[in-house]
Amino acid sequence: MEALVRTALAACAIAWSCATHAAWPERPITIVVPYAPGGAADALSRVVANKMGAKLGTSVIVDNRAGASGTIGAGFVAKADPDGYTVLYDATPYSINPHLFARMPYAPGSLQPLALVSLAPNILIVRADSPVKTVQGLIDKAKAKPGAINFASGGSGTVQRLAAELFRQRLGLDMVHVPYKSGGPAITDVMAGQVDFMFSTVAASQPLVTSGKLRALAISSPQRSPRMPDVPTVAETVIPGFEVYEWNGMFVPRGTPAAIADKLHQALVDALRDPEVQRRFGDVGARPVGSSPAEFAEYLAKEDAKWAEVIRKGAIKAD
């Protein structure tokens, strides 16, 4: 009799769980963006949130929880209930931060990869009237004057800094990093000739290249960009295999039920297939992806290994 009761209780629990998951979502979902409003991740997350809400039949709200290079918002989601109502929309610093900060506000593995949302390359830029007209020209100048060439970034832990550092390390160049509080002032000083070059986002720098205020020497993706087909890749010019992206991805707290994670994933993939979403992503130089969780986990492992090595070799510290 006791065994029958246990079996019946287990069956009831399973039935209740299935019914609960089938009813999900029953209230609004919050997408936490661990960066300030107005940035690329924030803008793209809002495009995705709007379409996901329509797919799921509920409101999807974007909540900016900026600070500490994205670790505050990520930590908040890592400690949230794993019920599918709180998800994380993060970017490349997610793979960089563990190697910059002595302590992280969440345990390794407490966030579960849901999907790689998008990829956006960087452009290697110089001022429009710079005597440097090619990547090889920049390298030759750096070799001729060790320590005299400098490069800008929006901070030590940014993709801009690490892209340039990877470039420097792979070529064995002696160059000086000039950090700024954000990418905007850095680009301004490149245009003014105060700094020799930088790796910048397509969204921020392509309009300035098009208007003749900057010169694009190369792009950091393995293939040329359809938006800038005349700009060669770093990989095809001087460093085979060079690849740097500003990626966006979505995570859920570890332990989120598979049925709920699957619904979130499907809604995200459907949203990324929407022509309007693809256009909005393309406008800022980002390519929608919508990977599987396993594919995203594999991509994250490669990113982690790459940036760990660059940070260690460059003895890079957080600002």
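The values are calculated or read from the model by the stated rules, or taken from the named source; none is laboratory data. This structure is a prediction, so every number in the text was calculated from the model and none was measured. Because the Cβ atoms are built from the backbone with ideal geometry, glycine has one as well, and the counts that use them run over all protein chains shown. Only protein heavy atoms, including side chains, enter the accessible area calculation; ligands, DNA and RNA are left aside. Shrake-Rupley method; radii C 1.70, N 1.55, O 1.52, S 1.80 Å.
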> Largest first, how would Thr134, Thr233, Thr201 line up by accessible area (1.4 Å probe)?
Replying inline: Thr134, Thr201, Thr233
> Taking amide hydrogens as modeled 1.01 Å from N in the peptide plane, which residues meet the under 5 Å criterion relative to Asp274, leaving out close sequence neighbours?
Replying inline: none
> What is the set of long-range amide H partners of Met198 at a cut-off below 5 Å, with H atoms built 1.01 Å from backbone N?
Replying inline: Ile125, Ala152
>> Rolling a 1.4 angstrom probe over the protein chains, ignoring ligands and nucleic acids, what is the accessible area of Ser291 in square angstrom, nearest 10?
In response: 10
>> Could you compute how fast the chain diffuses translationally, taking Rh as the Kirkwood radius over C-alpha pairs and applying Stokes-Einstein at 25 °C with viscosity 0.890 mPa s? Give it in µm² per second.
In response: 117
> Magnitude of the Cβ-charge dipole of the chain, K/R +1 and D/E -1, about the Cα centre, nearest 20 debye?
Replying inline: 600
> Name the trypsin sites (Lys or Arg not before Pro) in the range 42-108 that are in a loop by DSSP and that have at most 10 other C-beta atoms within 10 Å, would you?
Replying inline: Arg103
> Too long at a 32 Å Cα-Cα cut-off: which of Lys55/Lys306; Lys51/Lys79; Lys141/Lys181; Lys181/Lys263; Lys51/Lys302; Lys51/Lys317?
Replying inline: Lys55/Lys306; Lys181/Lys263; Lys51/Lys317
> Asp319 to Gln169: FRET efficiency via 1/(1 + (r/R0)^6), r the Cβ-Cβ distance, R0 22 Å, to the nearest 0.05?
Replying inline: 0.65
>> Checking understanding here: applying a Kyte-Doolittle mean of at least 1.0 and a length along the axis of at least 27 Å (C-alpha), which whole DSSP H helices in the chain pass?
In response: 2-23
> Can you give the Kirkwood hydrodynamic radius of the range 121-219 from its Cα pairs, in Å with one decimal?
Replying inline: 13.0
> For Arg27 and Glu309, FRET efficiency with R0 = 51 Å and r from the beta-carbon atoms, rounded to 0.05?
Replying inline: 0.75
>> Can you tell me which of Pro222, Pro37, Pro131 moves the most in a GNM of the chain? Springs connect C-alpha atoms under 10 Å apart.
In response: Pro131
>> From the protein chains alone at 1.4 Å, what is the descending order of accessible area for Val176, Val234, largest first?
In response: Val176, Val234
